[in-house]
Amino acid sequence: MGRTTDLSLGDRFRRGSEAALAEMYRAYSRPLFSLALSLLGDRELAAEAVQLSFIRAWRAALTFDSDRELQPWLYAIARRAATDVWRRERHHLTTTPLDEAHPTPEPLSDLSVQVRQALNGLPREERKVLLLSYFEGLTHKQIADRLGIPAGTVHSRALRAKRLLAEALESH
């Protein structure tokens, strides 16, 4: 797509034109899919990353600087979306099938049980922030976006959660 066409499309997109969004999808979904596929190595996950990219772009339309080109902005969103999909799915992806040849997992240690109990004892909002941060690998900004709360609130909940978790573990 040429720069002048791209900029007019970007301007219409920024103003909330659904037709511009559809036009963007037609123009950029294949290149974004190729990018996501090269990063993820899985067609279904790549398609999910592209869908997530366009959802995020639409939600962030007002932040798009229509004096710039759409393609680099969309590529940045797609790279982040692919990374988020990979982080979410990495626990499910395996190169070896599970079967009888694999050893059974070790029983939970006393410390594991204590940590799990301490986590379950945290207030729901603090526990949610801690789990998203440590088990899904999300940044405070990503958590704020997912939960629809300010990043400062995420930061304070994370600090409070860590403090409460440390106190709970010290008392055991």
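The values are calculated or read from the model by the stated rules, or taken from the named source; none is laboratory data. Every value quoted in this text rests on a predicted model; they were computed, and no experiment measured them. All Cβ positions, even for glycine, are placed from backbone atoms using ideal geometry, and neighbour counts span all protein chains on display.
Every condition in (1) assigned to a helix (DSSP H, G or I); (2) more than 16 Å from residue 80 (Cβ to Cβ) holds for residue 149 except the one numbered (1). Collect the residues in region 10-35 that are assigned to a helix (DSSP H, G or I), modelled with pLDDT under 90 and either among the small types (Gly, Ala, Ser) or touching an Asp or Glu at 6+ places or on another chain (Cβ under 6 Å) (or both), keeping them in residue-number order. Of everything in region 10-35, just one residue is assigned to a helix (DSSP H, G or I), modelled with pLDDT under 90 and either among the small types (Gly, Ala, Ser) or touching an Asp or Glu at 6+ places or on another chain (Cβ under 6 Å) (or both), namely 10.
Does region 66-74 contain at least one residue that is modelled with pLDDT of 90 or more, within 14 Å of the chain's Cα centre (by Cα) and closer than 30 Å to residue 17 by Cβ? No - not one qualifying residue is present in region 66-74.
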